[in-house]
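What follows is one structure encoded as structure tokens, with my remarks underneath.
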Amino acid sequence: MPIKTWLTETLGIQIPLVQGGMMWVGKAELISAVANSGCLGFLTALTQPSPEALRQEIRRCKSMLKPSAVQFGVNITLLPAIVKPDYMAYARVAVEEGIRVIETAGDPSPILQFLKENGIVVIHKCVALKHALRAEKLGVDAISIDGIECAGHGGEYDTTSLMLLSLCAEQLKIPYLASGGFANGRQVAAALALGAAGINMGTRWMCTVESPIHQNVKETIVKATEHDTVLCLRKFKNTSRLHKNKVSVEVHQIENTKQDVEFKDVAHLMSGKRGAGVYETGDVDAGVWSLGMCAGLIHDIPTCEDLAKRLEREAMDTLSKTNGLVVTEAKL
């Protein structure tokens, strides 16, 4: 018997698992495999160099779908930048190409009205309850709440997924997804018990057969423990959880030992181009790359379909066992 939540009922997916946007990783190969497995994947808009390149990637992803596949979405992350991308142009392309669900992060205001006017379901990713409440007030349809365990930008609050989900259950009126530190079916069951409508994963989807990154990176994730990450850029209010390699350790050391440290002191080490090179070449020390604490729970490199089925089965087994803990008065 399948698990039914707001996510499956609203978007028509079969399993309430989401593959969130990931820079350099959220490409057609992975997103189509996630969709073909009955889950919801998001192409990462800004991985593409232009809105028209996103259009071609959407079409390429569609060409890789099975007839039975569910829909997929697009992630648009709106963060402060010296030269801002044309977020509206990316959003317009997604709408024109028939995308019906968008994952946003940062400040969704510049594109939110346009998306809602076009009937788009908006799932907003954030790292604090106050941000979730603000997004709810702005009119997003659901929240993806990210605990500090997550890969990449987990915010400045160090609030865990367990605490955030409990806060959302108390105060949010719209559905919410669990994100940050999730990798197995027991955790899926726990998140559902805490009221989540689904589970958003990044690192776990990275370590699959179809993930478009070098095999050596995947094998490094399998070997990693929950201690093989490091938080960098905290001094610059841009905290990011990264794989603990030579480069990220150097960044951490510079920002925590150099007097009057400035971002320019580590900018050359934090280069996105260097990070992308890790995924292309398999040299895990070539640059910084995101990794969640859930790496400690990742022990293999399955296909997306096998992963989805496994997590669904584990979650249902766990929920069944948990229900068995409740004893009626007649049995006492």
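The values are calculated or read from the model by the stated rules, or taken from the named source; none is laboratory data. Owing to the predicted nature of the structure, the values given are computational and were not obtained by experimental measurement. Cβ: placed from backbone, ideal geometry, glycine included. Neighbour counts: every protein chain shown. For the accessible areas, the whole protein counts, side chains as well, though only heavy atoms, and no ligand, DNA or RNA atoms are used. Shrake-Rupley method; radii C 1.70, N 1.55, O 1.52, S 1.80 Å.
Total residues in the stretch 19-65 satisfying the condition of being in a loop (DSSP other than H, G, I, E, B), touching a residue at least 60 places away in the same chain (Cβ under 8 Å) and open to solvent by less than 30 Å² (accessible area, probe 1.4 Å): the figure is 7.
In the set (1) assigned to a helix (DSSP H, G or I); (2) basic (Lys, Arg); (3) touching a residue at least 24 places away in the same chain (Cβ under 8 Å), the condition left unmet by LYS264 is number (3).
Residue-by-condition table, conditions (1) within 22 Å of GLY152 (Cβ to Cβ); (2) part of a helix (DSSP H, G or I); (3) open to solvent by 60 Å² or more (accessible area, probe 1.4 Å); (4) not β-branched (Val, Ile, Thr):
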residue: ILE102; (1), (2), (3), (4): yes, no, no, no
residue: PRO110; (1), (2), (3), (4): yes, yes, yes, yes
residue: PHE114; (1), (2), (3), (4): no, yes, no, yes
residue: LYS125; (1), (2), (3), (4): yes, no, no, yes
residue: LYS130; (1), (2), (3), (4): yes, yes, yes, yes
residue: GLU136; (1), (2), (3), (4): no, yes, no, yes
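None of GLY287, GLY277 is part of a loop (DSSP other than H, G, I, E, B) and within 16 Å of TRP24 (Cβ to Cβ) except GLY287. Output the residues belonging to the stretch 176-218 that are in a helix (DSSP H, G or I) and either more than 22 Å from LYS4 (Cα to Cα) or open to solvent by less than 10 Å² (accessible area, probe 1.4 Å) (or both). Correct list: GLY185, VAL188, ALA189, ALA191, THR203, ARG204, TRP205, MET206, GLN215, ASN216, VAL217, LYS218.
Close contacts from the stretch 267-293, counting a first residue that is free of Cβ contacts under 8 Å to residues at least 24 places away in the same chain and a second that is in a loop (DSSP other than H, G, I, E, B) and open to solvent by 40 Å² or more (accessible area, probe 1.4 Å), with Cβ to Cβ under 8 Å and a gap of 6+ residues or different chains, come to GLY277/ASP283.
Filtered by the rule that a residue be surrounded by fewer than 20 Cβ atoms within 10 Å (Cβ to Cβ) and β-branched (Val, Ile, Thr), the stretch 240-269 gives VAL249, ILE254, THR257, VAL261.
Screening SER68 on (1) open to solvent by less than 60 Å² (accessible area, probe 1.4 Å); (2) at pLDDT below 95; (3) small (Gly, Ala, Ser) shows it passes everything except condition (1). Of all residue pairs spaced 6 or more apart or on separate chains, those with beta-carbon atoms under 7 Å, a first member in the stretch 235-249 that is under 17 Å from LYS264 (Cβ atoms) and a second member that is assigned to a helix (DSSP H, G or I) and open to solvent by 70 Å² or more (accessible area, probe 1.4 Å) are PHE236/PHE263. Pairs meeting the criteria (first residue in the stretch 135-161 and more than 19 Å from LEU172 (Cβ to Cβ) and modelled with pLDDT of 95 or more, second residue in a helix (DSSP H, G or I) and not hydrophobic (A, V, I, L, M, F, W, C), beta carbons under 7 Å, at least 6 apart or on different chains) are GLU149/SER161; ALA151/THR203. What pairs come out if I take residues in the stretch 166-179 that are over 12 Å from SER144 (Cα atoms) and pair them with residues that are modelled with pLDDT of 95 or more and open to solvent by 20 Å² or more (accessible area, probe 1.4 Å) whose C-beta lies under 7 Å away, six or more apart or interchain? Filtered contacts from the stretch 166-179: SER166/LEU194; LEU167/LEU129; ALA169/LEU194; ALA169/GLY195; GLN171/LEU129; GLN171/LEU133; LYS173/GLU136.
Across the stretch 310-320, what is the total count of residues that are closer than 18 Å to CYS207 by Cα and either touching a helix residue (DSSP H, G or I) at 6+ places or on another chain (Cβ under 6 Å) or surrounded by 17 or more Cβ atoms within 10 Å (Cβ to Cβ) (or both)? Matching residues across the stretch 310-320 total 2.
Cβ-Cβ contacts under 6 Å between residues 6 or more apart (or on different chains), taken from a first residue in the stretch 295-324 that is assigned to a helix (DSSP H, G or I) to a second residue that is open to solvent by 60 Å² or more (accessible area, probe 1.4 Å), are listed as GLY296/GLU226; THR318/ARG186.
Considering the stretch 270-305, and only residues there that are out of contact with any strand residue (DSSP E or B) (no Cβ under 9 Å at 6 or more places or on another chain) and aliphatic (A, V, I, L, M), the residue that is most open to solvent (accessible area, probe 1.4 Å) turns out to be LEU297. Selection of the stretch 163-188 for residues being of a type in the set (Val, Ile, Thr) and farther than 29 Å from LEU242 by Cα yields only ILE174.
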